[in-house]
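Inspection log for the structure reproduced underneath, given as structure tokens.
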Amino acid sequence: MRLVNRSMVTIDDLSNEEIEAVFSLADEMSDSMNGQSNVCQGKIMASLFFEPSTRTRLSFETAMHRLGGNVISAIDVNATSLAKGESIADMARVVGSYADIIVIRHPWEGAAKVTADYAGVPVINAGDGSHEHPTQTLCDLYTLKKERQTIKGLRIALCGDLKYGRTIHSLIYALTRLGATTFLWPGSGLDMPEHIKQKLITEYGADVEKIPADTLPSLLVGREDLAVDTSLDAIYITPSRAHQLALIPDISIPIDLVKEYDALYITRLQKERLAATTEAQDLKRDYPVVDRKLLKGKEFKRTLVMHPLPRIDELAYEVDADPRSMYFKQAARGVPIRMALIALLLGDKEVDIPDKEVPPIQKRAYPLYRRDSGISCPNLNCVSVQETETRYMKPEFEIVTNEPLTLRCVYCEHEVRPKYIASSEWHQGMLKSKKYHSAHSHLVRRIKPENLIIFNSESEAQAHGFKPSNYASKR
Ligand code: NCD
């Protein structure tokens, strides 16, 4: 199998078999670390880290050095022309003409996709805002696989900042695809974003269900020292029907809530993503903590304690000596995993696909909405709404469903449910029929995706010369 010239922007850029293939090559490489120094000889990796990083950057750079390649790097946005107002597209074109592969970390969601669209060389996303961090997920899955031999059927609790944590977002997609059951234990106010839960349902056929907090072994139960939010819910995801659409949760699936957990994956509060310091203070107060006391619970007897690191207060140092702690292993495994990935994307290695346990994910193809006028992405941190990028980039959305009309930004994957629609076809040459309608009217099914025009407000539709139809006010 060859992955040459491919990019890895999201975890979905690798199929389940390709992930397995990266793992086999990582195994092979870690068995002979010193024997890999010819693999990428003469190749150059650009390492662009526009957000703080220790593990990810240094493990990528170590990986390239171990493969015999060279590294060029930029680690401060203020030391690059981005600070002068250069677009990501221009930077990508230029760096792509110097390097054979680019690794980028950037605070804007979708920045890695734009880099991949313009660089002309493989691009690896090392974290784009709160969106994704797919290579951390490879390290996490590799650790689970090493410790438990399989991912299918594992019971994994994701805990902490599920809202802003990009490692969590890539991880839950992969775990669901690979057949694990995931329990979500967010810190209060840090729930998994709705668009991610929707994607788990529509793309992976997951069942997503709320469970009252008191039926779960909660991280906060029995913690008199913490402010317990009794309204906390947990959500479990059972990928019971991997390749079907399951819009209605299947409540018939029996979930044994008191069974042991295979892994407890905790993350720090992503305070750099929070708007105000007061918000940070509030969220910090109720933040879950994994410590020796919690791990005494019988459901955690054999639980692997995982963390992408860095940790702050959510994971007690007293757990480090516990054989269940995995976080330093996760970090160490970053080197062979990233060596394998770089070598495959550069075409310097090929691998056999191992036996298929789980069929590959079928990526669904949705019609695209791409127009100058009309809606833009509602996520202020999305690359597509940044001043430097709107000079050349149009907002672009997948039309995920008509009922209700739902668009997914192709850059950051946030969803938007527009209010008004019109057709570019019906009014041609006939100004009086230049009408707009409610997005909730039946006309949403009549207008072909290629003719669809979307407006956020009536005033916007009117500014474009459209008049309200009889169906403009339907809610
Ligand atoms: C994570 C990140 O940058 O998203 N760190 C990492 O790469 N291991 C997690 C974090 O910063 O909390």
Residues that are over 30 Å from residue 173 (Cα atoms): list the strands (runs of 3 or more DSSP E) wholly contained in segment 386-475 that include at least 1 such residues.
420-423, 435-438, 452-455
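Conditions tested, residue by residue: (1) of a type in the set (Asp, Glu); (2) free of Cβ contacts under 8 Å to residues at least 12 places away in the same chain; (3) in contact with a Phe, Trp or Tyr (Cβ under 8 Å, 6 or more places away or on another chain).
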site: 29; (1), (2), (3): no, no, no
site: 35; (1), (2), (3): no, yes, no
site: 64; (1), (2), (3): no, no, no
site: 73; (1), (2), (3): no, no, yes
site: 79; (1), (2), (3): no, yes, no
site: 87; (1), (2), (3): no, no, yes
Can you tell me which residues in segment 292-326 are of a type outside the set (D, E, K, R) and either away from the ligand (no atom under 16 Å from the Cβ) or not assigned by TED's automatic domain parsing to the domain that holds residue 157 (or both)?
294, 295, 297, 300, 303, 304, 316, 317, 319, 321, 323
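Can you give me the number of residues within segment 306-345 that are free of Cβ contacts under 8 Å to residues at least 24 places away in the same chain and closer than 23 Å to residue 14 by Cα?
1
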Check whether at least one residue in segment 73-96 is of a type outside the set (Val, Ile, Thr), under 29 Å from residue 30 (Cα atoms) and not in a helix (DSSP H, G or I), and report yes or no.
yes
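Out of curiosity, is residue 145 closer than 30 Å to residue 187 by Cβ, within 16 Å of the ligand (Cβ to nearest atom) and not aliphatic (A, V, I, L, M)? Please lay out each step first, then the result.
Values: closer than 30 Å to residue 187 by Cβ: yes; within 16 Å of the ligand (Cβ to nearest atom): no; not aliphatic (A, V, I, L, M): yes.
So residue 145 does not fit the description; no.
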Output the number of residues of segment 173-209 satisfying the condition of being more than 15 Å from the ligand (Cβ to nearest atom) and assigned to a loop (DSSP other than H, G, I, E, B).
10
Is it true that residue 464 is surrounded by fewer than 15 Cβ atoms within 10 Å (Cβ to Cβ) and modelled with pLDDT under 90?
yes
Selection count, segment 102-142, where residues are within 16 Å of the ligand (Cβ to nearest atom) and either part of a helix (DSSP H, G or I) or not basic (Lys, Arg) (or both):
28
Total residues in segment 102-153, condition modelled with pLDDT of 95 or more, surrounded by fewer than 23 Cβ atoms within 10 Å (Cβ to Cβ) and on the phi > 0 side of the Ramachandran plot
2
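Say whether the condition of being under 21 Å from the mean Cα position of the chain (by Cα), over 20 Å from residue 175 (Cα atoms) and surrounded by fewer than 23 Cβ atoms within 10 Å (Cβ to Cβ) is met by at least one residue in segment 307-329.
yes
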Here is a list: 45, 29, 64. Which entry is away from the ligand (no atom under 16 Å from the Cβ), under 19 Å from residue 123 (Cβ atoms) and in a helix (DSSP H, G or I)?
64
Can you tell me how many residues in segment 68-90 are buried (at least 19 other Cβ atoms within 10 Å of the Cβ) and touching a Ser or Thr at 6+ places or on another chain (Cβ under 7 Å)?
2
Which ones in segment 441-475 are of a type in the set (S, T, N, Q) and either out of contact with any Pro (no Cβ under 9 Å at 6 or more places or on another chain) or at positive phi (or both)?
441, 451, 457, 459, 469, 470, 473
Against the conditions (1) more than 16 Å from the ligand (Cβ to nearest atom); (2) under 23 Å from residue 140 (Cα atoms); (3) among the hydrophobic types (A, V, I, L, M, F, W, C), where does residue 71 fall short? Just the number, please.
(2)
Residue 170 passes all but one of the listed conditions (1) more than 11 Å from the ligand (Cβ to nearest atom); (2) hydroxyl-bearing (Ser, Thr, Tyr); (3) touching a His at 6+ places or on another chain (Cβ under 6 Å); the exception is number (1)
Segment 292-336, residues that are assigned to a loop (DSSP other than H, G, I, E, B) and of a type in the set (A, V, I, L, M, F, W, C)
309, 312, 316, 321, 326
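The values are calculated or read from the model by the stated rules, or taken from the named source; none is laboratory data. All figures in this text were calculated on a predicted structure; none of them were measured in a lab. With ideal geometry, Cβ positions are generated from the backbone for all residues, glycine too; neighbour counts draw on all protein chains shown.
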